[in-house]
Amino acid sequence: MVSAIVDVDFGPVADDGISSDVARVRAEAEARAGSLDDMAVRAASYYELYTSGGRSFPFTIIAAHGALWARWYLKLADAAARVLAVIDVTSSLPRAERIASYDKFVDKFRDINRVVFMETWVTLHLLRLDPDHPHLADRMPGPLRHAIAYAQKQALAGREPDNDDKRRVYQDYFRWEQVVVVGPLVQAAIDEFHWEVARWFCRRPWVWFSYFRVGKALVFRDFTDAEERTEKGLAAFDWAARKGWDKIEANLLSNPLFPRPGV
């Protein structure tokens, strides 16, 4: 199981501003990510990133919707997997090994969700400190770093980016994230999933966020395909932009799975 942010060399904490910044933000990210199963906690933390950045970075609110989708979808998938383990006559694996293989895959999926959140939290907070922060300069393209930082600065000053600008930054960040974080972890999770029938289904998830129209969903042909993940991610953005960001936010806050203060 992945237990740290992928590809970020935090190193030992030294008595300098750079290392202490990274250590502080990383500790915040780990605390705000919650445990493996805390999808709703991560949704709320993504929403905080969205609002504290002036609502300039739609990846965060779309990811919040994604975390809530994963929470209920995985519960349904878990029940279906246990039925499938009984009726599957094609697998040579004992029933207990089928379930164990499925559970291991789902834990990895939840962990990917947690890692992506921590990556995003650390990245956005360091960009607010400095678009050329040394811990980002060698791993994220300069134009993307500066575009995210500029959009946040403008939005906080009351000049929210238009949808074309938001989409460009969203697409570039999404593609970067697929290469640096998601892609290798998804492939590793699939490669270690040995129950073939269940693996076939898990590569083809049905994704429906609460702001999607009834009857409209993102149906994957192969979740391990980075281009398809990007294509579906952009569709999620385009549907959100057409509906309107205020409505997308209202959908999130009214979702019964979204954490309520004091509850």
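Each reported figure results from applying straightforward, stated rules to the coordinates on display, with no laboratory input. Predicted model, so just to flag it, every value in this text is computed and none were measured. In this analysis, Cβ positions are derived from the backbone assuming ideal geometry, glycine residues included, and neighbour counts consider all displayed protein chains.
Assign unit charges at the C-beta atoms only (+1 for Lys and Arg, -1 for Asp and Glu), then state the dipole size of the range 163-203 relative to its Cα centre in Debye, rounded to the nearest 20. Please report the intermediate quantities before stating the final value.
Details: 6 positive and 7 negative charges, 31 e Å.
Computed charge dipole of the range 163-203: roughly 140 debye.
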Q. With the dipole of the range 17-254 worked out from charges on the C-beta (+1 for Lys and Arg, -1 for Asp and Glu) around the Cα centre, which of Gly53, Val83, Phe174 lies farthest toward the positive end?
A. Val83
Q. Of Lys216/Lys243; Lys75/Lys108; Lys108/Lys232; Lys166/Lys232; Lys75/Lys104, which pairs sit farther than 19 Å apart, going by alpha carbon to alpha carbon?
A. Lys108/Lys232
Q | GNM result for the chain, Cα springs below 10 Å: residue of Ala149, Ala29, Ala217 fluctuating most strongly | A | Ala217
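Starting with the fewest neighbours, write out Tyr102, Tyr150 ranked by other beta-carbon atoms found within 10 Å of each beta-carbon. Each step should come with its number before you reach the end.
Numbers: Tyr102 24, Tyr150 16.
By the 10 Å Cβ count, ascending: Tyr150, Tyr102.
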Q) Expressed in nm to one decimal, what extension gain is obtained for the pair Ala96 and Arg260 from 0.36 nm per residue of sequence separation less their Cα-Cα distance? A) 55.3 nm
Q) Kirkwood hydrodynamic radius for the chain: how many Å is it when counted over pairs of different Cα atoms? A) 19.4
Q.
Using Cα springs under 10 Å in a Gaussian network model of the chain, which residue among Leu252, Leu84, Leu68 shows the largest mean-square fluctuation?
A. Leu84
Q) Percent relative contact order of the range 112-204, based on C-alpha pairs within less than 8 angstrom and at least six residues apart? A) 27
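If the chain between Asp238 and His194 were fully stretched, how many nm would it gain, using 0.36 nm times the residue separation less the Cα-Cα distance?
12.3 nm
Relative to the Cα centre, what is the charge dipole magnitude of the chain, using +1 at the beta carbon of each Lys and Arg, -1 at the beta carbon of each Asp and Glu, and rounding to the nearest 20 debye?
Details: 35 positive and 37 negative charges, 228 e Å.
Roughly 1100 debye, rounded to the nearest 20.
Can you tell me the convex hull volume per residue for the range 9-108, based on C-alpha atoms, in Å³ to the nearest whole number? All intermediate terms of the calculation are to be shown ahead of the outcome.
Working: hull volume 14.0 nm³, N = 100.
Once divided by residue count, the hull of the range 9-108 is 140 Å³.
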Q. What per residue convex hull volume, in Å³, comes out for the range 85-155 when only alpha-carbon positions are used?
A. 139
**Q.** Pairwise FRET efficiency - Ala27 versus Lys247, Cβ, R0 = 30 Å, nearest 0.05
**A.** 0.30
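At a Förster distance of 35 Å, what's the computed FRET efficiency of His146 paired with Arg203, Cβ-Cβ distance as r, to 0.05?
Values: r = 36 Å, r/R0 = 1.04.
Rounded to the nearest 0.05, the efficiency is 0.45.
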Q. Which distance in nm do the two modelled labels at Ser35 and Lys153 give, with both placed 7 Å along the Cα-to-Cβ direction?
A. 4.2
Q. If we count other beta carbons within 10 Å of each Cβ, what is the order of Trp195, Trp208, fewest first?
A. Trp208, Trp195
Q. Once you put a point 7 Å from the Cα of Thr51 and another 7 Å from the Cα of Asp130, both along the Cβ direction, what distance in nm separates them?
A. 3.1
